[in-house]
Amino acid sequence: MHPNPIFSDADTARNLAFARERGFGVLTLSTDDAPLISHVPFLVSEDGSYVDLHLVRSNPMARALRDAKPARLAVSGPDSYVSPDWYDMDDQVPTWNYVAVHLTGTLAPLPQSDLPDLLDRLSDHFEAQLLPKPPWSSDKMDSEAYTRMLRMIQPFRLQITDVQGTWKLGQNKPTEARHAAARQMAAQSVGSHTRELAAMMQSPVSDPKKD
């Protein structure tokens, strides 16, 4: 998370809403050697108290999680390079704007019997975003193939104890300069989802308390 508090004043509800909508992140688990990292889809509970996800049993992280352990889920949003020329101000430097949310807590295995429901909830969540395409559902699979797949996967739950977010949208710049940079950003693609980030930079939510 960025250390400047002007970029981290989003409340918990906004950070959780962002993570819930994104639904994909980088799960990290400390070990005696290098941290274990997995890229996972997930579901944030309605009350924001936990995250449900699954891992392939052959994943080293799944093997390390025989019992509950501290873990962190990093959820990245749009990001983009910002050229100093875009501000039309003197003595500026290059930077990178971005949105990111970290969910920290305790990660533990769930009963294997919870897996079918978790997989259905995950697919329902993402398939709903593809409407009007007819939603895929697990009952379209051959029962034996589905059973084999279930044996390869293990469900987990991250009980959330801390939520941190960075919304680095140029709040430390005058409004006119930030909007000018956003217009330039929307026309290029150095980063990811640059137009979406540019729109955030021009939103009233990104206005600092004082220019």
| request: Determine which member of the set GLU127, GLU176, GLU144 is farther than 30 Å from MET201 by Cβ, of a type outside the set (S, T, N, Q), more than 19 Å from the chain's Cα centre (by Cα) and in a helix (DSSP H, G or I). | output: GLU144
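Please state which one of ASP47, ASP85, ASP52, ASP120 is among the acidic types (Asp, Glu) and more than 22 Å from the chain's Cα centre (by Cα). First the steps, then the outcome.
Numbers: ASP47 fails: more than 22 Å from the chain's Cα centre (by Cα); ASP52 fails: more than 22 Å from the chain's Cα centre (by Cα); ASP120 fails: more than 22 Å from the chain's Cα centre (by Cα).
Answer to the selection: ASP85.
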| Given the conditions (1) in contact with a strand residue (DSSP E or B) (Cβ under 9 Å, 6 or more places away or on another chain); (2) in contact (Cβ under 8 Å) with a residue 60 or more places away in the chain; (3) charged (D, E, K, R), which single one is not true for ASP88? | (1)
| task | Could you list, in sequence order, all residues of the stretch 147-173 that are touching a strand residue (DSSP E or B) at 6+ places or on another chain (Cβ under 9 Å), assigned to a loop (DSSP other than H, G, I, E, B) and open to solvent by 60 Å² or more (accessible area, probe 1.4 Å)? | result | MET152
| note | Being of a type outside the set (A, V, I, L, M) and within 28 Å of ASP9 (Cα to Cα) narrows SER123, SER58, SER83 down to just SER83
| said: Between a residue in the stretch 1-21 that is touching a residue at least 24 places away in the same chain (Cβ under 8 Å) and any residue that is among the polar types (S, T, N, Q) and open to solvent by less than 90 Å² (accessible area, probe 1.4 Å), which pairs come within a Cβ distance under 6 Å, given they are 6 or more apart or on different chains? | reply: MET1/GLN164; MET1/THR166; HIS2/THR166; ILE6/GLN171; ILE6/ASN172; PHE7/THR166; SER8/THR166
| query | In the stretch 126-137, is there at least one residue being acidic (Asp, Glu) and under 24 Å from SER192 (Cβ atoms)? | reply | yes
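The values are calculated or read from the model by the stated rules, or taken from the named source; none is laboratory data. Everything quoted here is computed from the prediction, not taken from an experiment. Virtual Cβ from ideal backbone geometry, glycine too; neighbours counted across all protein chains shown. Accessible surface areas use protein heavy atoms only, side chains included; no ligands, DNA or RNA. Shrake-Rupley method; radii C 1.70, N 1.55, O 1.52, S 1.80 Å.
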